[in-house]
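Report on the following structure.
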Amino acid sequence: MSDPSTAAARAWVEVDLGALQTNLRRVRQAAPGAGVVPMLKADAYGLGTAQVLRAVVEATAPQGPWAIGVAAVAEGEALRGFGWSGRVVVFAPVAPGEERRAAAAGLTLAVSDLDALDRWAAVAREAGRPLAFHLEVDTGMGRSGFPAERAAGWGPAAAARAGDLLAWEGCFTHFHSADEPELAPTDEQARRFREVLAALPPEPAGAPRRLAHCANSAAALRRGGYGMDLVRPGIFLYGGRAGPGAEPEPVASVRARVVRVARVPAGATVGYGATHAAQGPERWATLGIGYGDGLRRALAPGGGEALLRGRRVPLVGRISMDVTVADATAVADAAPGDVATLLGRDGDAEITLDEVAARVGTISYEILTGLGPRLPRMYRQGRAHTS
Ligand SMILES: *Cc1c(COP(=O)(O)O)cnc(C)c1O
């Protein structure tokens, strides 16, 4: 690759921000009229908060996203550091004691119980200014939220706490199976959520209408966000599939340089445990990437592959912390300095994110968020290339 930014790197992650913007537009088309809350938690699913922020702001210009969604107070603080002055909603419950930091950074909290609401109110009183919250309703995720079946109890109690210092801005729920082939469980969660919304005390006269939202990527794409006010897409923006149907544009590619090519005789072994021996004369290419970079060790032996000069080659032996070996016997001209692709496209060949996830028995989310800090992120606005 001639790109000077990668010329000196042994391995890196390429992020196609143009593809991310295309995926975001697809979500917005699927849920027309809904405000969008791009989820940038876990460093924008491992791809880099600052650059993803810039891309989503640009793709939603001129009005911008309704808010940015994160999962931790520190992630909201980081967004402020990157110059985002719009809304930030922290969707995971915060630990007691974190509220003051959240308020100082101007964050909006998701609230799961009355004690958390009281703590948020106390911080608002102390700060002498109103703080906003979104009330989470648990319709089946079971990890956070007010229980859907007891809204008659907590609904009036939450309404009594909301007021001048505590702005009840929205209600939301989160789906557990919106990416499964069968959508009936998701429809049922949406039905329960609507039932809760209808059972809540109305907004006081003059107060803004509370917004309702429920959709992750899959529910936004497959059910139009159930026609609610906001959608909260994550994985689809980053190139992960969100249920059957729409294929995202690939966003992340993982590349590594070939750092050594060796001809080996039959019987030569490779890697810890010497799990692979050459069947005949073979040509092995050592790649400058390993599990210390987030390349999943379970990929090899076990069917993991790399793309080399546009061809699929198998990974052989166990993946080491820093290097991985591919059998490049079929690629006669493979040479040190070549760029191997562990995830993404090279010419007409492609190793998809969901393919890698399936091969190691996990989900795209875990592959992306597991890409390590040793891999520099390189940003492109268009399709990536190699060789
Ligand atoms: C992570 C998250 C999302 C995004 O889900 P995807 O499946 O990545 O689209 C939406 N809402 C909440 C509350 C989340 O935590």
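Each reported figure results from applying straightforward, stated rules to the coordinates on display, with no laboratory input. This is a predicted model, so every value here is computed, not measured. So basically every Cβ, Gly included, is an ideal-geometry build from the backbone, and we count neighbours across all protein chains shown.
Length gain on complete extension for the stretch residue 157 to residue 7, per 0.36 nm per residue less the alpha carbon to alpha carbon distance?
Working: separation 150, 0.36 × 150 = 54.00 nm, distance 6.03 nm.
Extending this stretch completely gives an extra 48.0 nm.
Report the full-extension gain for the segment residue 330 to residue 129: residue separation times 0.36 nm, less the Cα-Cα distance, to one decimal in nm.
Working: separation 201, 0.36 × 201 = 72.36 nm, distance 6.72 nm.
Value of the extension gain: 65.6 nm.
Rounded, prolate or oblate: which one fits the range 25-67, using the alpha carbon gyration tensor with axes a ≥ b ≥ c (rounded when a/c is under 1.5, else prolate when a/b beats b/c, else oblate)? Can you show the working numbers first?
Working: a/c = 2.24, a/b = 1.67, b/c = 1.35.
Prolate, since a/c reaches 1.5 and a/b exceeds b/c.
Apply 1/(1 + (r/R0)^6) to the Cβ-Cβ distance of residue 63 and residue 369, taking R0 = 35 Å, and write down the FRET efficiency to the nearest 0.05. Don't skip to the answer; put the middle values down first.
On the way: r = 29 Å, r/R0 = 0.83.
In this case the efficiency is close to 0.75.
Which residue, chosen from 163, 237, 94, occupies the Cα position most advanced towards the positive end of the dipole of the chain, where the dipole is computed from +1 (Lys, Arg) and -1 (Asp, Glu) charges on Cβ about the Cα centre?
Highest projection toward the positive end goes to 237.
For the range 157-184 and the range 306-347, what is the centre-to-centre distance using only Cα atoms, to the nearest Å?
46 Å
Let me know the shape class of the chain, please: from the alpha-carbon gyration tensor, a ≥ b ≥ c as square roots of the eigenvalues, rounded when a/c is under 1.5, otherwise prolate if a/b is greater than b/c, or oblate.
Since a/c reaches 1.5 and a/b is larger than b/c, the shape of the chain is classed as prolate.
For residue 304, which sequence-distant residues (separation of 5 or more, or a different chain) have an amide H within less than 5 Å of its own amide H, given hydrogens modelled in the peptide plane?
Answer set, sorted by chain and number: 315.
Springs between alpha-carbon atoms under 10 Å, Gaussian network over the chain: tell me which of 358, 158, 55 tops the mean-square fluctuations.
Greatest mean-square fluctuation among the candidates belongs to 358.
Out of 274, 300, 92, any idea which swings most in a Gaussian network model of the chain, alpha carbons joined below 10 Å?
274
In the chain, if the dipole is taken from +1 on Lys/Arg beta carbons and -1 on Asp/Glu beta carbons about the Cα centre, which of 250, 66, 108 is farthest to the positive end?
Farthest towards the positive end: 250.
Toward the positive end of the charge dipole of the chain, about the Cα centre and with charges on Cβ (Lys, Arg +1; Asp, Glu -1), which of 79, 268, 372 goes farthest?
Towards the positive end, the residue furthest out is 268.
If neighbour count is taken as other Cβ atoms inside 10 Å, put 341, 108, 269, 369 in order from fewest to most. Mind showing how you got there, number by number?
Numbers: 341 26, 108 22, 269 13, 369 16.
Going from sparsest to densest Cβ surroundings: 269, 369, 108, 341.
Any idea how far the Cα center of the range 75-117 sits from the one of the range 191-222, in Å?
Centre-to-centre (Cα) distance: 21 Å.
Let me know the shape class of the range 266-387, please: from the alpha-carbon gyration tensor, a ≥ b ≥ c as square roots of the eigenvalues, rounded when a/c is under 1.5, otherwise prolate if a/b is greater than b/c, or oblate. Let's see the in-between values first.
Numbers: a/c = 1.78, a/b = 1.28, b/c = 1.39.
Verdict is oblate for the range 266-387.
In nm, what is the difference between 0.36 nm times the number of residues separating residue 354 and residue 268 and their Cα-Cα distance?
Working: separation 86, 0.36 × 86 = 30.96 nm, distance 3.30 nm.
Difference between extended and current length: 27.7 nm.
Most exposed first by the Cβ proxy, i.e. fewest other Cβ within 10 Å, how do 320, 217 rank?
320, 217
How big is the charge dipole of the chain about its Cα centre, in debye rounded to the nearest 20, if each Lys and Arg gets +1 on its Cβ and each Asp and Glu gets -1 on its Cβ?
Values: 42 positive and 41 negative charges, 124 e Å.
The dipole magnitude comes to about 600 debye.
Taking the Cα centre of the range 88-149 as origin, sum charge times position over the Cβ atoms of Lys and Arg (+1) and Asp and Glu (-1), and report the length of that vector in debye to the nearest 20. Don't skip to the answer; put the middle values down first.
Details: 6 positive and 9 negative charges, 68 e Å.
Using Cβ point charges on Lys, Arg, Asp and Glu, the range 88-149 gives about 320 debye.
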